[in-house]
Amino acid sequence: MTTPIIRVKDVHKSYGKGPNRFDALKGVTFDINEGESVAIIGKSGSGKSTLMHVLALLDAPTSGTVELEGIDTSTLKGKKLNRARNKTFGFVFQQFFLTANISVLENVMLPMKIAGVRRSERKARAHAALEQLEMDDKASNKAVNLSGGQKQRSVIARALVNNPRIIFADEPTGNLDTATGGNVEDILFALNRDKGITLIVVTHDDELAARCDRRIYIRDGLLVNDTTEVAA
Amino acid sequence: MNVLDLIGTAASNTFRSKTRTVLTILAIFVGAFTLTITNGLGTGINRYIDDTVTAIGAEDVMTVSVSQDANAGFADSSGPAEYDPDAIASDGFNRPGSTVVALTPDDLEALASIDGVLDVEATKSISPDWIQAGDGPQYLTSVGGLVDGQTVQLAAGAAPSADSDAFELNVPISYVESLGFADADAAVGQTLTIAITDAERTQHLVDATIVGVAEESIAATGAGGLVVNDALTDELYTTQNIGISLDEQERYAQASIRFDAAATDADVTALKERLTDAGYTGTTVADQLGTFKTIIDAIVLVLNAFAIIALLAASFGIVNTLFMSVQERTREIGLMKAMGMGGGKIFGLFSLEAVIIGFLGSAIGVGIGMLVGTGISSVLAGALLADLPGLTLIAFDPLSVTVIILVVMAIAFLAGTLPAARAAKADPVESLRYE
Ligand SMILES: Nc1ncnc2c1ncn2[C@@H]1O[C@H](COP(=O)(O)OP(=O)(O)O)[C@@H](O)[C@H]1O
Ligand SMILES: [Mg+2]
């Protein structure tokens, strides 16, 4: 059996101290295999985003371990951690998080700029990614002037431009109308299917969740249902 | 992110909020501008003093006289000073009636043997009765010579030739009209008659050629009188001393000694100490003008302090601007961190932005400061300061201008560290949280 790309073992995450202490995750355990598409589903405040942040190495768990390709991520520090973030993950957010007053191209190039890729190569790859999302004609537009769907496609271009292993999408269609949202979903699943990029989607949209290989339900910081395990 | 990208990104971030950035740059500009002008003032005046020092005495020349008991002539606990047969009355170069102890040939020899003294030359003091050009009126004047390395700031003609046997001299420009010449150029080549009385009360007339006209300055060569060459000095001195025994003639109030031109301040101080030990007092031209320079430096320092205060006030503007921009860009910072940008790079990004603001403010301030300073100088040179030719009131040297820009950039960097540190510490999870 191959090593899962992410292995979560008894992860707890608490905020605050003493009487103000709040346990957002109360012992979560699961594996995600390379190439899977996984939906993390739960009500608002159930701990979905917290879980995603822990998986994406943006936050360390209070206790328990997160392994990335068999490596305990608590051993990753400084440069190594930054490299792992830069090379492994791509992010798609509900709120897009595009820098408003710079061009779409500059936005898409940002992860490569951080990685230290040469400018000429940066440009070529960013254009290629935008082309793939049929956004290349908007490359020199300012991000602020795009429609919601165009913004999210730019964000996806930015997420995949560094050839990530995993794309995290936190409510990727939350700010889009149904048609546009469906289009964005198609793009994400196509990337998952054609490029084998592992897709981890945080959502409370049941239709989106239904399109994933697997659904992890979470309530009050606890994993309540995992479709794979149920099926198994 | 590599360094060039970091700088490029910082530069484009600087102008994302144009109004705010421009206002901050303006505040820095005011400080840098003031600093440039005040510094230029110091540079200009001190440069003028330095030029004057070169004019009145080569920098490797020291005037030496015999050290005297400071209490000479005053009764104090040690009693009256003993009579010194070598003391001569000298109203030529000292208070009337006061005496200085003369330097004898023995002293000159003693001076020459002091370590560090390259050359000794007695100063021959000459007191002419009057001077006259053609049939014009007669005027009182004083006479001085040039020591090796001394220069004259000339309005016309040339300096008197040291090697020539002909009697040559320079007159100050203020004499030109009185002597009856149309202008400085007209005076060059004309003959000047010098009357001098010897010890036997006989008046002699010596004719010399005016080879040049000297500019007036705060400390002109020859104390603002005639500047004569060696041949003429010897002629006048010999004439003046007719009737005095040779023994009496060789008495000088002062002598000039030359030392190594490469001597450091410490070397000069050491030489002065050796002179003091041997019973002499040595004074360099720099000593004579040193006090003046110290005062100028002190004034410039005070003015600079004001400019620095202005800069400090402006640096709070930088702190404010950057805090606002860190605040506005929280999401972006969080995203960059999520994408693997290290805290150090984030710090670099924001502190570079501060440095860029500092650089722009100071470069513009220094640039305009230099333009305005040069303008003011040339306007004043033709009006208020016309009597001090050669004085550029506000001057600039590349080094101090560079230092100003670097200092402002350093201040800006320090101001930027606070907001930059906050940005570097920002938690990506906090920054990216919504709902
Ligand atoms: N920094 C924090 N300090 C205190 N409580 C927090 C913090 N972040 C999240 N929480 C709490 O943790 C719980 C889970 O939050 P989150 O993971 O954002 O939920 P979801 O994304 O499922 O809506 C919520 O009750 C939230 O209030
Ligand atoms: Mg959430």
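The numbers here are math on the coordinates, done by the rules we state, and not lab data. Here the structure is a predicted model, which is why all the values come from computation and not from measurement. With ideal geometry, Cβ positions are generated from the backbone for all residues, glycine too; neighbour counts draw on all protein chains shown.
A few notes on this one:
- Volume per residue for the stretch A:38-100 equals 129 cubic angstrom (convex hull of Cα atoms).
- Per residue, the average separation of C-alpha pairs within less than 8 Å and at least 6 apart gives the stretch B:185-316 a relative contact order of 17 percent.
- Cα gyration tensor, chain A - rounded (a/c under 1.5), prolate or oblate: prolate
- Bridge type composition, chain A - antiparallel percent by DSSP, nearest 5: 50
- Most mobile of A:27, A:18, A:148 in a GNM of chain A (Cα contacts under 10 Å): A:18
- Maximal additional length on extending the residue B:163-residue B:190 stretch stands at 7.7 nm, based on 0.36 nm per residue less the C-alpha distance.
- Longest to shortest principal axis, alpha-carbon extents of the stretch B:311-420, angstrom: 69, 22, 17
- Segments B:227-240, B:272-285, B:254-267 sorted - mean Cβ within 10 Å per residue, highest first: B:227-240, B:272-285, B:254-267
- The relative contact order of chain B, computed from alpha carbon pairs under 8 Å that lie at least 6 residues apart in sequence, is 28 percent.
- Distant-in-sequence amide H partners of residue A:169 (H built 1.01 Å from N, under 5 Å): A:92, A:200, A:201, A:202
- Per residue, the convex hull spanned by the alpha carbons of the stretch B:224-282 comes to 142 Å³.
- Hull shadow area, averaged, the protein assembly as shown [alpha-carbon convex hull, nm²]: 47.7
- The 3J(HN,Hα) values that the Karplus relation (6.51, -1.76, 1.60; θ = phi - 60°) gives for the stretch A:182-188 are, in residue order, x, 4, 5, 4, 4, 4, 4 Hz. Gly and Pro appear as x.
- Take the Cα of residue B:291, step 7 Å toward its Cβ, do the same at residue A:120, and the gap between the two points is 7.0 nm.
- Straight-distance crosslink candidates among lysines, where the alpha carbon sits under 22 Å from residue A:13 and sequence neighbours closer than 8 are dropped: A:26, A:43, A:48, A:77, B:337, B:425
- Separation of the residue B:113 and residue B:265 label points, Cα + 7 Å toward Cβ, nm: 3.3
- Ranking of A:147, B:400, A:37 by count of other Cβ atoms within 10 Å, fewest first: A:147, B:400, A:37
- Pair-distance profile P(r), taking every C-alpha pair of the stretch A:1-44, with 10 angstrom steps and integer %: 22, 40, 27, 10, 1
- Note on the stretch A:112-232: the alpha carbon radius of gyration divided by the globular reference 2.2 N^0.38 Å gives 1.19.
- Anisotropy class of chain B from Cα gyration tensor, a/c 1.5 cut: prolate
- Within the protein assembly as shown, antiparallel bridges make up roughly 65 percent of the DSSP beta bridges whose residues both belong there.
- Shape category assigned to the stretch A:1-119 from the gyration tensor of Cα positions, a/c cut at 1.5: prolate
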